[in-house]
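Have a look at the structure below before the remarks.
The values are calculated or read from the model by the stated rules, or taken from the named source; none is laboratory data. Keep in mind it's a predicted model, so treat the numbers as computed, not measured. Backbone-built Cβ (ideal geometry, glycine too); neighbour counts: all protein chains shown.
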């Protein structure tokens with residue numbers, strides 16, 4: 001997977017994408033990519049999604065500010081399926097709560113009911129999670145690689161959603177995606193869990209072009 005594509009988070013700078021896979025925005029447009037494509041992650045570029053050097057002007061830091069207290073999976077065991085959730089990398093896209101409210105119950109505790117729907121329905125919904133925060137186990141075997149084609153999707157006023165096994169290298173934080181086939185990268189500059197999205201874009205990040 002990934003066709004040799006690799007994303008390197010430049011220290012206090014952009015994402016440098018080598019051999020970029022398909023680059024697609026929320027309008028369904030395929031955008032131009034180069035042998036090495038520099039994508040903005042400070043949120044201040046005037047040429048989004050591409051970097052225009054704004055990170056240097058605004059003093060962007062690529063450091064992780066989270067204390068790590070939310071790192072790790074919580075598991076919700078049901079009769080036929082166990083659902084795993086990693087809050088630290090959730091992008092808060094609400095695809096799960098809006099798509100399958102009988103299982104993913106916003107505002108309730110516990111917020112996941114693995115017996116709230118048939119197993120195959122749950123599997124399909126988990127596979128739609130853009131951040132890779134959700135996975136599932138059946139008979140003790142965890143499933144988190146859903147075989148998507150390589151793509152970097154520029155979500156509407158939100159993160160880069162990366163699919164298809166694109167390698168990630170962040171020499172500053174050392175973080176690696178729990179699910180290399182599916183993860184979201186901050187592009188608003190506000191995440192405390194860089195390079196991953198933590199939902200900070202909901203505080204007002206706007207990208208009219210994409």
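Data table
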{"read-out": "Which listed residue is modelled with pLDDT of 95 or more and either touching a helix residue (DSSP H, G or I) at 6+ places or on another chain (Cβ under 8 Å) or farther than 17 Å from residue 29 by Cβ (or both), from 171, 177", "value": "171"}
{"read-out": "Single residue of region 1-13 satisfying the filter (in a helix (DSSP H, G or I) and touching a strand residue (DSSP E or B) at 6+ places or on another chain (Cβ under 9 Å)) that is surrounded by the most Cβ atoms within 10 Å (Cβ to Cβ)", "value": "2"}
{"read-out": "Within region 59-81, considering residues that are closer than 17 Å to residue 191 by Cα and surrounded by 13 or more Cβ atoms within 10 Å (Cβ to Cβ), the one modelled with the lowest pLDDT", "value": "70"}
{"read-out": "When residues of region 82-103 are limited to those that are farther than 28 Å from residue 65 by Cα and free of Cβ contacts under 8 Å to residues at least 40 places away in the same chain, the one surrounded by the most Cβ atoms within 10 Å (Cβ to Cβ)", "value": "103"}
{"read-out": "Enumeration of residues in region 157-174 that are within 13 Å of the chain's Cα centre (by Cα) and part of a loop (DSSP other than H, G, I, E, B)", "value": "158, 159, 164, 165, 166"}
{"read-out": "Selection count where residues are touching a strand residue (DSSP E or B) at 6+ places or on another chain (Cβ under 7 Å) and not in a loop (DSSP other than H, G, I, E, B), scope region 120-140", "value": "7"}
{"read-out": "Residue match in region 174-185 (condition: surrounded by fewer than 16 Cβ atoms within 10 Å (Cβ to Cβ) and farther than 17 Å from residue 86 by Cα)", "value": "yes"}
{"read-out": "Residue match in region 85-97 (condition: outside any strand (DSSP E or B) and more than 23 Å from residue 180 (Cβ to Cβ))", "value": "yes"}
{"read-out": "All positions within region 14-47 that are part of a loop (DSSP other than H, G, I, E, B) and touching a strand residue (DSSP E or B) at 6+ places or on another chain (Cβ under 8 Å)", "value": "14, 19, 20, 21, 26, 31, 32, 33, 35, 40, 41"}
